[in-house]
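Heads up, the thing below is written out as structure tokens.
Bear in mind that the values in this text are calculations on the coordinates, not laboratory data. Since the model is a prediction, treat every value here as computed from it, not as a measurement. All Cβ positions, even for glycine, are placed from backbone atoms using ideal geometry, and neighbour counts span all protein chains on display.
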Amino acid sequence: MTEKLIGHISVDSGQMMLCDPCYIDSMWSKSESPADFRDLSSFEGKFNYLGAAQATLSDKKAGILDMSSGAVCSTGWGDGLYPVYVTYEGDRISEMRIVFIAEDEEEDENICEECNEYEDTCDCNCVCRRCNYTVRTCVCSSVFEY
């Protein structure tokens with residue numbers, strides 16, 4: 001098995017949803033505004049934004065929406081850019097993982113945006129903005145320019 005960083009996913013609502021894209025157009029329901037945003041109980045399990053919010057604001061901070069059409073959870077830190085990894089078994093993907101709170105929060109600072117690898121394993125010819133050396137020979141751990 002091989003795990004690979006495939007990129008980063010942006011979060012602007014403090015929650016992440018996983019679903020089959022075919023359900024978005026056919027099953028996603030337009031949310032009506034509740035009379036009181038402190039009580040989202042009427043949206044429990046609905047496949048829409050308020051259904052997702054109800055699940056992530058619950059004690060479990062997660063839930064399944066509309067007969068298993070989607071799974072949703074809180075992202076831990078809220079809004080941000082989170083790394084997404086896939087694990088390969090041969091040429092098939094066996095797992096997808098999104099890291100919301102890393103053991104070492106500085107771990108993802110030196111990711112090459114060109115090839116999505118850590119600077120010490122990067123195979124492309126990314127160049128550091130500060131020293132103009134390739135990432136393999138850079139010693140200043142700066143942001144990369146391509």
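Taken along the Cα-to-beta-carbon direction at a fixed 7 Å, the label points for S58 and D20 span 2.2 nm. Ordering of 90-100, 43-53, 14-24 by packing is 43-53, 14-24, 90-100, highest average first (other Cβ atoms within 10 Å, averaged per residue). Label zone (I101, point 7 Å along Cα-to-C-beta; backbone nitrogen cut-off 17 Å) within region 67-91: 73-83.
Considering region 1-107 at the alpha-carbon level, its Rg and Dmax are found to be 15.5, 52 Å.
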